[in-house]
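Reading through the structure tokens given below for one structure.
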Amino acid sequence: MRVNSKSYPHPVLGNEDDLGGFFRVAPFHYELKKDEITLNPIFNLKNAKIEELIRDGKASFVTEVECQSTFFRSSYSTRKTIDRFMIPSKLVRERVAVGFYVCADKDIPGYQPSECHPDYEGASFDVEAGDVLAVGGYTSFIAEKNFDPLRPPVSSFMSIVVGSHHEGPMQIDYEGEKITVILSKTDWQSYMDVRGQKLAEGMLHASIVFPVLIDAVHQVQNGNGDYADMSWFGRLEAILDGKGLRDKDPFDVAQKILDNPVSRGFQSIGSLLETNDEREYE
Amino acid sequence: MNESMNKTQYQKIFKRAVIEQMRADLRSGSSLKTYFQHSYPVKDKDLLLSTIPVQGKSPFLKALKRDPVATDLENAIALHEFYGAIDETQASDPRLWAYLSHVEFRKYSLVRWGLPGEYKDLKTDDAKQRAINQLLEHWFVRGNDRDLRRHAIARLWWAAHLTYAPWERDPGFFGDLKKKDPYYFTRILLSMQDIYQQVLERAMGRSDRILITVLEYLGGNKKFAQSREKIRDLMKELNLIYGTKKIITLDRVSLKSLIEKVAKEIDTA
């Protein structure tokens, strides 16, 4: 789960080393059903003062859910360490971002955090309702039942179309719902001849998909703002998170996602040559 | 009355692969000329029937050449009434909106978000590229709400949808805002182009609680609402506050008074 550091007007647990202890949401399970999505966060908190505020009804665990595809942003508050929230499925689509916080429910004048960084020792703060007291990180999921980030079909984030140029190199369009590879008319014809054939899949992955995917992974890992709200970006991000590849080298990541495309490409060539040999001797 | 008028039909949409091809053709410039034409050749094999029920003839969207913004409100309401059965997932589907801008409401899209002049006026590569970018922005959706805010037709439907009778959607929070007119807040949102852009362009607008409470303030403070800079500053300030304070968790009274306080500070600065 990712955590970004920020500058808060008071010490916040989970923000760099402001406070001792921890606030984690693990495990975070979600369940995609036809009509509703269930979120099941388990909040693990260790900080004496913040625990006390929650016990006293002055703060709550907050799960903030946001979907950039459907103008959806909502929050769910609880004081239980294990809880479940339902979101109607129709309200979200594609990537759903989830953030976890502890927020003040009411104004807390003279808030004295416990387990402070020495810089804050003995200091008190006037906290207002809504103020973030702890950050538990961010995650995301794809709100689509048949999308599995651990076994993602390439077609879920990339497509190949024909361009208007007769010959020449392939072009890439990152600004669509999917990454679009644009082939020249000549290459498109050759592609159409082999598309869908199992023997050709390895070659197509190695020669077309692999180089494009390396660059796309690079864009996601760099958090390229130009593409951050594209569907393909969210899907690729979910794949990286799901497979634990977020911080790995794009070259290695692309090979893992495509399951060793170069080896499969060689296998394709080998199989094609064998087939041709058999034909020659027939 | 003709019975077929009331028969439920289902909205046509483009196939996904067709849109990808349309975008690629536009990006290459090969289809740019067609965006000056009043009709768009559509083949049946390019279309799907969606599960969106529609009854009768789709509304006529007005677009005055001299003041196209003036009809945004009535068009938004007409669209929302006609496509009232769409849910949020369907209403963010790129296939639907590309079909509506290219085919169903092509005439409106050409007047409101089309290219000026004629194809032969696009003499340089730069001019062609600018035209292509404008068309990609207003005639296609790529799967995010920024595109929905800018798409010729989607922007109207979503403006109405996000603001339609909030007291019905969340009576516990908006119960005290109940009005006779379900489009009361739509009227505020579309009363000025600046309100729409400034309020919905920011992520704040995704929270209906924040969106409606801001519109409530703007509706009651017309002078403030007429200043583009003040609305922009209000949304910027709320965005800044949101970084450290989850104002989405506030109750209605607290959220309302926070927005009033921030607006007052901007007003008196």
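The values are calculated or read from the model by the stated rules, or taken from the named source; none is laboratory data. All of these numbers come straight from a predicted model, not from anything done at the bench. When we count neighbours, we look across all protein chains shown, and the Cβ atoms used for this are built from the backbone with ideal geometry, even at glycine.
I'd like to verify a number: residues in the stretch A:91-141 that are of a type outside the set (A, V, I, L, M, F, W, C) and within 13 Å of chain B (Cβ to nearest Cβ), how many?
First, the residues of the stretch A:91-141 that are of a type outside the set (A, V, I, L, M, F, W, C): A:93-95, A:99, A:101, A:105-107, A:109-115, A:117-122, A:124, A:126, A:128, A:130-131, A:136-140.
When the remaining residues are screened for being within 13 Å of chain B (Cβ to nearest Cβ), the result is A:93-95, A:99, A:101, A:105-107, A:126, A:128, A:130-131, A:136.
Qualifying residue count for the region: 13.
One line per residue, one yes/no per condition, for (1) in a helix (DSSP H, G or I); (2) within 19 Å of B:Asp25 (Cα to Cα); (3) in contact (Cβ under 8 Å) with a residue 24 or more places away in the chain; (4) outside the structural domain of A:Glu94 (by TED's automatic domain parsing):
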position	(1), (2), (3), (4)
A:Leu204	yes, no, no, yes
A:Ile208	yes, no, yes, yes
A:Trp232	yes, no, yes, yes
A:Arg246	no, no, yes, yes
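Which of the strands (runs of 3 or more DSSP E) found entirely inside the stretch A:142-187 contain at least 1 residues meeting this: within 11 Å of chain B (Cβ to nearest Cβ) and touching an Asp or Glu at 6+ places or on another chain (Cβ under 7 Å)? Talk me through it step by step, then tell me what you get.
Details: elements: A:158-162, A:171-173, A:179-183.
Qualifying strands (runs of 3 or more DSSP E): A:158-162, A:179-183.
Identify all residues within the stretch B:1-49 that are assigned to a loop (DSSP other than H, G, I, E, B), more than 10 Å from chain A (Cβ to nearest Cβ) and surrounded by 11 or more Cβ atoms within 10 Å (Cβ to Cβ); write none if there are none.
Correct list: B:Lys15, B:Gln37, B:Tyr40, B:Val42.
Filter the stretch B:5-19 down to the residues that are touching a Pro at 6+ places or on another chain (Cβ under 7 Å) and over 28 Å from A:Val162 (Cα atoms), then identify the one that is modelled with the highest pLDDT. Steps first, please.
Step one: of the stretch B:5-19, the residues touching a Pro at 6+ places or on another chain (Cβ under 7 Å) are B:8, B:10, B:19.
With the extra rule that they be over 28 Å from A:Val162 (Cα atoms), the set shrinks to B:8, B:10.
Numbers: B:Thr8: 79, B:Tyr10: 91.
Ranking the qualifying residues of the stretch B:5-19, first place goes to B:Tyr10.
Here is a check on your reading of the model: is B:Lys120 assigned to a helix (DSSP H, G or I), modelled with pLDDT under 95 and over 23 Å from B:Ile195 (Cβ atoms)?
Considered against the rule, which asks whether it is assigned to a helix (DSSP H, G or I), modelled with pLDDT under 95 and over 23 Å from B:Ile195 (Cβ atoms), B:Lys120 comes out as yes.
Could you go through the stretch B:121-130 and let me know if any residue there is within 14 Å of chain A (Cβ to nearest Cβ) and surrounded by fewer than 24 Cβ atoms within 10 Å (Cβ to Cβ).
yes
Which condition number in (1) at pLDDT 95 or above; (2) within 27 Å of B:Asp87 (Cα to Cα); (3) away from chain B (no Cβ under 13 Å) is the one that A:Lys80 fails?
Result: A:Lys80 fails condition (2) only.
Scan the stretch B:73-84 and tell me whether some residue there is assigned to a helix (DSSP H, G or I), small (Gly, Ala, Ser) and within 30 Å of A:Glu144 (Cα to Cα).
yes
For the list (1) under 22 Å from A:Ser7 (Cβ atoms); (2) out of contact with any helix residue (DSSP H, G or I) (no Cβ under 8 Å at 6 or more places or on another chain), I need the number of the one condition that B:Leu258 fails.
The failed condition is (2).
Checking B:Glu88 against (1) within 16 Å of the chain's Cα centre (by Cα); (2) surrounded by 22 or more Cβ atoms within 10 Å (Cβ to Cβ); (3) more than 23 Å from B:Asp46 (Cβ to Cβ): exactly one of these is not met. Which one?
Tallying (1) within 16 Å of the chain's Cα centre (by Cα); (2) surrounded by 22 or more Cβ atoms within 10 Å (Cβ to Cβ); (3) more than 23 Å from B:Asp46 (Cβ to Cβ), B:Glu88 fails exactly one: (2).
Here's the yes/no breakdown for (1) within 24 Å of B:Ile19 (Cβ to Cβ); (2) at pLDDT below 90; (3) among the polar types (S, T, N, Q):
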site	(1), (2), (3)
A:His166	yes, no, no
A:Met170	yes, no, no
A:Glu175	yes, yes, no
A:Lys178	yes, no, no
A:Gln189	yes, no, yes
A:Val194	no, yes, no
A:Lys198	no, yes, no
A:Gly202	no, yes, no
A:Ser207	no, no, yes
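Restricted to the stretch B:156-171, and to residues that are free of Cβ contacts under 8 Å to residues at least 60 places away in the same chain and in contact with a helix residue (DSSP H, G or I) (Cβ under 9 Å, 6 or more places away or on another chain), which residue is nearest to B:Arg206 (Cα to Cα)?
B:Leu162
Here is a check on your reading of the model: is B:Leu135 touching a Pro at 6+ places or on another chain (Cβ under 8 Å), part of a helix (DSSP H, G or I) and either of a type outside the set (Asp, Glu) or more than 14 Å from every other protein chain (Cβ to nearest Cβ) (or both)?
Taking the combined requirement at face value, the residue does not satisfy it.
Within the stretch A:67-77, is there a residue that is under 25 Å from A:Ala129 (Cβ atoms), more than 20 Å from the chain's Cα centre (by Cα) and within 14 Å of another protein chain (Cβ to nearest Cβ)?
Yes - at least one qualifying residue is present in the stretch A:67-77.
Residues being in a loop (DSSP other than H, G, I, E, B) and among the hydrophobic types (A, V, I, L, M, F, W, C): count how many of those fall in the stretch A:5-48.
Final tally of qualifying residues: 1.
In the list B:Arg206, B:Arg252, which residue meets the criterion of being touching a residue at least 60 places away in the same chain (Cβ under 8 Å), within 11 Å of chain A (Cβ to nearest Cβ) and of a type outside the set (Val, Ile, Thr)?
Answer to the selection: B:Arg206.
With respect to B:Lys65, determine if the residue is within 14 Å of chain A (Cβ to nearest Cβ), under 30 Å from B:Lys120 (Cα atoms) and exposed (fewer than 15 other Cβ atoms within 10 Å of the Cβ).
Here the answer is no, as B:Lys65 does not meet what is asked.
Test A:Pro11 against the stated conditions and say whether it is under 21 Å from A:Cys116 (Cα atoms) and of a type outside the set (D, E, K, R).
Spelling it out, A:Pro11 is indeed under 21 Å from A:Cys116 (Cα atoms) and of a type outside the set (D, E, K, R).
If you check B:Ile52 against the conditions, is it surrounded by 13 or more Cβ atoms within 10 Å (Cβ to Cβ) and within 14 Å of chain A (Cβ to nearest Cβ)?
The answer is yes for B:Ile52.
Within the stretch B:158-181, which residues are surrounded by fewer than 18 Cβ atoms within 10 Å (Cβ to Cβ), assigned to a helix (DSSP H, G or I) and within 14 Å of chain A (Cβ to nearest Cβ)?
Across the stretch B:158-181, the qualifying residues are B:Arg169, B:Gly172, B:Phe173.
Among the listed residues B:Thr213, B:Thr249, identify the single one that is at pLDDT 95 or above, closer than 27 Å to A:Val92 by Cβ and in contact with a Cys (Cβ under 8 Å, 6 or more places away or on another chain).
When all the criteria are applied, what remains is B:Thr249.
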